[in-house]
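Right, one structure below, let's go through it.
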């Protein structure tokens, strides 16, 4: 988003200098805060990195990464596999849009976390509830954005296909799919970031395994440096997913500037 | 509730209308809305499990909880946390967003971090915040504030960045003072974006309130949900969820409407 305005008078060298200065300043701020507040509240950056390295070396990192990656893979995979086709249909058929609009919007504005205790009682403390949580977090933004993508396809193009008596198949292949691709990618990006949130919450509340649990474990021991390691990895994952998908979006549809 | 604003060439939705469409639309809309509760009620009626409670049971439970005052007290506690945290988050978000959007140097310096943290699952920080700040009111407010801050900051910055260059140049030509151009150009033209940021912040702040109440001291709707679901009182545990649903949807609709009013010319994609 920062790169839209290129003509506001900062040369690339200056940008680099400002970025480095900001990074140094923030890092300094972190050190100052960590040292002045004591190790109980905040750990210094190098402590966090060292602890992360240790936990990677002794296998603990992988042991806790596994379950989270598992529920994330299945939950988010299902979310996308269900969300994209459903969104395409909702975008295409108006009666379907009308009848799903209410429930989808209400569910989307409801904090799904509030449903977790309920799901735990019904389904239990197991991977099924975890996968369901991740799925619910992923599927809604995917549906909503995909439907918007299909709905905002240029009407003139659709009229044109009708004039040429095109059947439904070619309309999808030649018009709807390519034109809604950017919005689908936006949905994927938001959905996957939500999936990460869902996975962490699932680990918090639905059973003692995974990355989220590792964070709680260390926090309860007042081991801030240990707990910040997994947080850092999650932050990097989220940022990487967002950046990758935004990149893919601009490549797949260069005519449309990626929106956030 | 992450966002999307595309303020450029997305074609406007111009659905073709047929006669009788609006009646059909209402019919399908209400049908869709009522479908889930009705199916749920029928399922709960035929299910043997006492854990599956229908909407009618939830309704009855809600009357009891309103009468003995537990629901109102919990809603008040959660509401206070929500409002305080939201206000703090919005103010801070506005401040940083305006600075980032207006000054290129601040933008270059801070934007990578803001974008990165926005893509981070912030819930992961909650256990640490609880350790650092305790189980009290202030911890909850800080959690809500952090969640609400990012969408407001990012969308405000996007709005300020998107101020038409022509207008800015005009202001400069007439030797307008910085403060004047903020009041007359920057704020009005970025207002729709700010409201979008607030709409997205509402959803995140609601999540934050519940997560905070799950992880900290025993107050609010979040705790009510926990207490009743641990006692397997499913109807009572669903009442606060319904309250949250209605609150979230009402606030979302309100802000969405004001967005459409403020700027019918900006295409704001949902999500």
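The values are calculated or read from the model by the stated rules, or taken from the named source; none is laboratory data. Remember, predicted model here, so these are calculated numbers, not experimental data. Glycine gets a Cβ as well: all are built from the backbone with ideal geometry, and neighbour counts include every protein chain shown.
Any residue that is closer than 22 Å to residue A:82 by Cβ, within 20 Å of the chain's Cα centre (by Cα) and assigned by TED's automatic domain parsing to the domain that holds residue A:82 - is there at least one of those in segment A:148-161? Yes, segment A:148-161 contains at least one residue that is closer than 22 Å to residue A:82 by Cβ, within 20 Å of the chain's Cα centre (by Cα) and assigned by TED's automatic domain parsing to the domain that holds residue A:82.
Selection of segment B:158-174 for residues being part of a loop (DSSP other than H, G, I, E, B) and either at pLDDT below 80 or under 28 Å from the mean Cα position of the chain (by Cα) (or both) yields B:162, B:163, B:164. Here segment A:73-103 is the region considered, the condition is being over 19 Å from the mean Cα position of the chain (by Cα) and crowded, with 20+ Cβ neighbours inside 10 Å, and the residue that is farthest from the other protein chains (Cβ to nearest Cβ) is A:88. Among the candidates A:154, A:203, A:174, the residue that is under 20 Å from residue A:97 (Cα atoms) and either more than 12 Å from chain B (Cβ to nearest Cβ) or in contact (Cβ under 8 Å) with a residue 24 or more places away in the chain (or both) is uniquely A:154.
Kindly indicate whether any position in segment A:49-63 is within 23 Å of residue B:114 (Cα to Cα) and exposed (fewer than 14 other Cβ atoms within 10 Å of the Cβ). Within segment A:49-63, not a single residue is within 23 Å of residue B:114 (Cα to Cα) and exposed (fewer than 14 other Cβ atoms within 10 Å of the Cβ).
When restricted to residues that are assigned to a helix (DSSP H, G or I) and closer than 24 Å to residue B:226 by Cα, segment A:205-237 contains 12. Just one of the numbered conditions (1) part of a helix (DSSP H, G or I); (2) under 27 Å from residue A:237 (Cα atoms) is not true of residue A:174: (2).
The helices (runs of 4 or more DSSP H) found entirely in segment B:177-264 that carry 1 or more residues being within 12 Å of chain A (Cβ to nearest Cβ) are B:187-215, B:220-230, B:234-262.
Restricting A:190, A:133, A:215 to residues that are under 30 Å from residue B:132 (Cβ atoms), free of Cβ contacts under 8 Å to residues at least 40 places away in the same chain, within 13 Å of chain B (Cβ to nearest Cβ) and buried (at least 24 other Cβ atoms within 10 Å of the Cβ) narrows the list to A:215. Counted as qualifying within segment B:44-147 are the helices (runs of 4 or more DSSP H) with 1 or more residues that are away from chain A (no Cβ under 13 Å), namely B:55-67, B:70-102.
This table checks each residue for (1) crowded, with 24+ Cβ neighbours inside 10 Å; (2) within 17 Å of the chain's Cα centre (by Cα).
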| position | (1), (2) |
| --- | --- |
| B:198 | yes, yes |
| B:201 | yes, yes |
| B:205 | yes, yes |
| B:211 | yes, yes |
| B:214 | no, no |
| B:219 | no, no |
| B:225 | yes, no |
| B:231 | no, no |
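Look at residue A:191 and say whether it is within 30 Å of residue B:215 (Cα to Cα) and under 16 Å from the mean Cα position of the chain (by Cα). So residue A:191 passes the test. Taking the stated definitions as given, is residue A:240 facing another protein chain (nearest Cβ under 9 Å), part of a helix (DSSP H, G or I) and either touching a residue at least 24 places away in the same chain (Cβ under 8 Å) or touching a helix residue (DSSP H, G or I) at 6+ places or on another chain (Cβ under 7 Å) (or both)? Taking the combined requirement at face value, the residue does not satisfy it.
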